[in-house]
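The values are calculated or read from the model by the stated rules, or taken from the named source; none is laboratory data. Worth saying up front: this structure is predicted, and the values here are computed from it rather than measured. Cβ placement follows ideal geometry from the backbone for every residue including glycine, while neighbour counts extend to all protein chains displayed.
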Amino acid sequence: MSAQVATSTRPEDQSLERLRRQRGLRRIGLAAIGLLLLAGMLNLLGVRTGVAQVAGDGVRLTVTYAQVSRSGLATPWTLEVASEGGFDGPVTVATSADYFDRFDFNQFYPEPSSTTVREGELLLTFEPPEGDCLVVRFDGRASPTFGLGSQATTTLETDGLPRLSVTYRTVVMP
């Protein structure tokens with residue numbers, strides 16, 4: 001008859017110091033997960049908007065944009081041009097073309113009557129609105145190729161109105 005070798009499934013004894021270190025690491029991990037959950041509940045990881053605005057000679061140019069977004073999320077961009085005397089003709093704005101290249105683009109509301117590219121700028125021309133305010137909304141999502149961030153400048157280039165510019169930056173978190 002052969003001798004049987006006893007195999008134990010009992011874990012080896014660990015030092016009290018090692019057990020305390022492992023417990024501390026588990027607590028740090030649980031706290032990190034808890035902080036991520038709390039940040040998500042407070043919407044600190046979602047889209048945050050900012051406003052860039054300039055005014056002069058009775059005209060105001062305002063761009064509401066996403067300061068921080070995430071890939072795949074609807075990312076707001078709204079342009080507002082307000083003129084105390086209304087508009088006598090088409091309204092033209094120029095904005096950085098590469099900014100919009102980084103979005104999965106759907107369309108502008110209202111759609112521009114003409115679109116032109118000039119040396120890295122996207123020129124959008126809109127028919128004059130009724131009243132004294134033109135509001136343009138962009139429908140798009142930050143694309144996975146957005147990168148960490150993109151800066152843009154939007155300029156009012158309408159005949160008879162002052163040339164106003166605002167600069168803003170959108171950061172896309174991974």
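Every residue in the range 150-171 that is among the basic types (Lys, Arg) and in a loop (DSSP other than H, G, I, E, B), please.
The initial filter retains those residues of the range 150-171 that are among the basic types (Lys, Arg), namely 163, 169.
Result: Arg163, single match.
Selection of the range 96-112 for residues being in contact with a Ser or Thr (Cβ under 7 Å, 6 or more places away or on another chain) and among the aromatic types (Phe, Trp, Tyr) yields Tyr99, Phe103. Is it the case that Thr115 is exposed (fewer than 15 other Cβ atoms within 10 Å of the Cβ), assigned by TED's automatic domain parsing to the domain that holds Gln53 and assigned to a strand (DSSP E or B)? The answer is yes for Thr115. Given (1) exposed (fewer than 12 other Cβ atoms within 10 Å of the Cβ); (2) small (Gly, Ala, Ser); (3) at pLDDT below 95, identify the lone condition not met by Gly46. Just one mismatch for Gly46, condition (1).
Considering the range 72-96, the residues that are among the aliphatic types (A, V, I, L, M) and at pLDDT below 95 include one that is farthest from Gln107 (Cα to Cα), namely Leu73.
Where residues in the range 140-170 are surrounded by fewer than 17 Cβ atoms within 10 Å (Cβ to Cβ) and in contact with a Phe, Trp or Tyr (Cβ under 9 Å, 6 or more places away or on another chain), which of them is farthest from Gly72 (Cα to Cα)? So, considering only residues that are surrounded by fewer than 17 Cβ atoms within 10 Å (Cβ to Cβ) and in contact with a Phe, Trp or Tyr (Cβ under 9 Å, 6 or more places away or on another chain), the one farthest from Gly72 (Cα to Cα) is Gly160. Checked against the criterion of being out of contact with any strand residue (DSSP E or B) (no Cβ under 9 Å at 6 or more places or on another chain), exposed (fewer than 15 other Cβ atoms within 10 Å of the Cβ), touching a residue at least 40 places away in the same chain (Cβ under 8 Å) and of a type outside the set (Lys, Arg), the candidates Asp88, Asp98, Asp13 yield just one match: Asp88.
Among residues that are within 14 Å of Tyr168 (Cβ to Cβ) and either assigned to a strand (DSSP E or B) or touching a residue at least 24 places away in the same chain (Cβ under 8 Å) (or both), Leu61 is included.
Of all residues in the range 130-149, those satisfying the criterion of being assigned to a loop (DSSP other than H, G, I, E, B) and touching an Asp or Glu at 6+ places or on another chain (Cβ under 7 Å) are Asp132, Ser143.
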